[in-house]
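The values are calculated or read from the model by the stated rules, or taken from the named source; none is laboratory data. Keep in mind that this is a model prediction, so the values were computed, not measured. Cβ: placed from backbone, ideal geometry, glycine included. Neighbour counts: every protein chain shown.
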Amino acid sequence: MKRLLFLGLLGVLVLPLFSQTTSRMAMRKLNMAEYAISQLYVDSVDETSLVESAITKMLQQLDPHSTYSNPDEVKEMNEPLQGNFDGIGVQFQMMEDTLLVIQPVSGGPSEKVGILAGDRIIAVNDSTIAGVKLSTEEIMKRLRGPKGTLVDLTVLRRDVKDLLHFTVKRDKIPLYSLDAAYMIEPGIGYIRISRFAMTTGKEFLEALQKLQAKGMIDLILDLQGNGGGYLNAAIDLANEFLGQRELIVYTEGRSEKRSNFFAKGNGHFQKGRLVLLVDEYSASASEIVAGAMQDWDRAVIVGRRSFGKGLVQRPIDLPDGSMIRLTVARYYTPSGRSIQKPYTKSAKGDGKAVEVDYEQYRSDLIARYNNGELMHADSIHFPDSLKYTTLRLRRTVYGGGGIMPDYFVPIDTTSYTNVHRNLVAKGVVNKAAAVYIDQHRKELQRKYKIFDAFNANYQVGQEVLTLLQQEAEKLKIELKEDEYQQSLPLICTQLKALMARDLWDISEYYQIINVTNESVKQALRILNNDYEHYLRVN
């Protein structure tokens, strides 16, 4: 029914345009050009490719977020947001051209047949995947498949002489959008959301209620690096914090009348103090939530100015399974701020065709870094024309793209050196942690039966650092002593966090790594000392 309604609305929108003489002429011109090329051109042509190129070229003249996706891209794009995919259910890492199982998904198909963390999958059906330099995408294609289908796996297990053979029945594998939820201090909970998917509202509520049962009064909501997702998921999340009929966001466009989205008043965290974390990679749905919380003076926003993606795309399904995502409106915060950052267009070729300057748009974050915005709050200047006021306390906030936090946290450059960047970029830190866990998994599991014991007592020792240094040497990474020592505390924290992830799960990873996160540390300071200082009348 929803699909039929959508098509009906689209028809109402498009048909009057086609009735105009100019539009009819333009469509006739386009059809005649395609027909002439396909029928008369001297060589055979790929009509599908021609049409896709024409669509892509048209969209390039509109805005940075109107896009075309082929059928494979549509499927790949939808999987993380729909919250599941069909597969065997393992978290894995490629190590020495071999698939190393980090963890089987709890209750998933692989765990049910006995595959364990630390197993190496060396063959899928009759095809060897170890030592043949397959890409991660190629391996995933072999492991994934329709629910109910069977796949034969050949497994090498440490301390087992013979190869093991398992037949796994593929099933729906959940993809979670909530990375971590734990009590970061007595009375203060922490929840991190990585994307806004169909399941985000349910995941958040379950995590919230568990933390409230543990005595949570205040909450740190971490949306750093969250690039967005479904609008409805953002509305569901914002609804948990706002009162009845309080506006969350509205959309408006040339052919789209203003649509308001209000809180229902049935949220489960309407009273507790809230600190919300954003950074330059927080976009779209993240900015909707952050903007609503800031405009209603419901939370202290901490971090750096968010990305600035405030264009609304309507998905238009095409007959072959491909899709156009067409921008039809803009997002506005409750106070009327447009979330979208500016973008430019420039003339191409003969000067008649004007296209979006994608290079300028994509390099915006680099420009922010070069301008000093990511290090110094006073490098950011807003004209008075972009000044708005919040709805309860009448505090001054600014439009112009993205959400500017109430408390600015610069990028921490003290521990980040060229040595560290090379070690992380080339996978050395991950590799060293994985190798160490592979060699000492049973020993660590015996010694640290629960995460709290590991977190409190385990220290990264020289054996792990020797593995890291050996991996660096293989890749010809020079470990300059001064830079290495400067970054060593951060490297050790990352190694320990990665080990915790492999022994337990991603939530335990964040419990360790957040010790180094300046925005998280500042959120705690605000809640413990001066929350009301940031939520007061100017």
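A compact table of results
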read-out	value
Selected residue (criterion: farthest from the chain's Cα centre (by Cα)) from residues of the range 295-317 that are under 27 Å from Phe269 (Cα atoms) and of a type in the set (Asp, Glu)	Asp297
So Leu221, is it more than 23 Å from Gly308 (Cα to Cα), buried (at least 20 other Cβ atoms within 10 Å of the Cβ) and touching a strand residue (DSSP E or B) at 6+ places or on another chain (Cβ under 7 Å)	no
Residue count, the range 227-248 (criterion: farther than 14 Å from Ser259 by Cα, surrounded by fewer than 19 Cβ atoms within 10 Å (Cβ to Cβ) and among the polar types (S, T, N, Q))	1
Test: residue in the range 508-522 that is part of a helix (DSSP H, G or I), in contact with a Gly (Cβ under 8 Å, 6 or more places away or on another chain), hydroxyl-bearing (Ser, Thr, Tyr) and within 30 Å of Tyr407 (Cα to Cα)	yes
Residue that is buried (at least 19 other Cβ atoms within 10 Å of the Cβ) and in the same structural domain as Pro489 (by TED's automatic domain parsing), where the choices are Ala432, Ala425	Ala432
Ile301 vs. criteria crowded, with 23+ Cβ neighbours inside 10 Å, at pLDDT 95 or above and either part of a strand (DSSP E or B) or not assigned by TED's automatic domain parsing to the domain that holds Gly201 (or both)	yes
Which numbered condition Glu355 misses (of (1) assigned by TED's automatic domain parsing to the domain that holds Ile220; (2) surrounded by fewer than 19 Cβ atoms within 10 Å (Cβ to Cβ); (3) of a type outside the set (S, T, N, Q))	(1)
Filter pass, Gly267 being out of contact with any Pro (no Cβ under 9 Å at 6 or more places or on another chain) and surrounded by 18 or more Cβ atoms within 10 Å (Cβ to Cβ)	yes
From the options Asp505, Asp530, residue that is at pLDDT below 95 and crowded, with 17+ Cβ neighbours inside 10 Å	Asp505
Every residue from the range 33-77 that is over 30 Å from Lys345 (Cβ atoms), in a helix (DSSP H, G or I) and not aromatic (Phe, Trp, Tyr)	Ser38, Gln39, Leu40, Lys75
Lone qualifier among Ile188, Ile173 - being buried (at least 16 other Cβ atoms within 10 Å of the Cβ), modelled with pLDDT under 95 and either among the small types (Gly, Ala, Ser) or in contact with a strand residue (DSSP E or B) (Cβ under 7 Å, 6 or more places away or on another chain) (or both)	Ile173
Odd one out for Asn457, checked against (1) at pLDDT 90 or above; (2) loosely packed, with under 13 Cβ neighbours inside 10 Å; (3) over 30 Å from Arg525 (Cβ atoms); (4) of a type outside the set (Lys, Arg)	(3)
Within the range 272-292, tally of residues that are under 20 Å from Tyr190 (Cβ atoms) and surrounded by fewer than 24 Cβ atoms within 10 Å (Cβ to Cβ)	5
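Yes or no, residue by residue, for (1) more than 30 Å from Glu246 (Cα to Cα); (2) outside any loop (DSSP other than H, G, I, E, B); (3) in contact (Cβ under 8 Å) with a residue 24 or more places away in the chain:
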site: Ser335; (1), (2), (3): no, no, yes
site: Pro342; (1), (2), (3): no, no, yes
site: Ile366; (1), (2), (3): yes, yes, no
site: Glu373; (1), (2), (3): yes, no, yes
site: Phe382; (1), (2), (3): no, no, no
site: Ser385; (1), (2), (3): no, yes, no
site: Leu393; (1), (2), (3): no, no, yes
site: Gly400; (1), (2), (3): no, no, yes
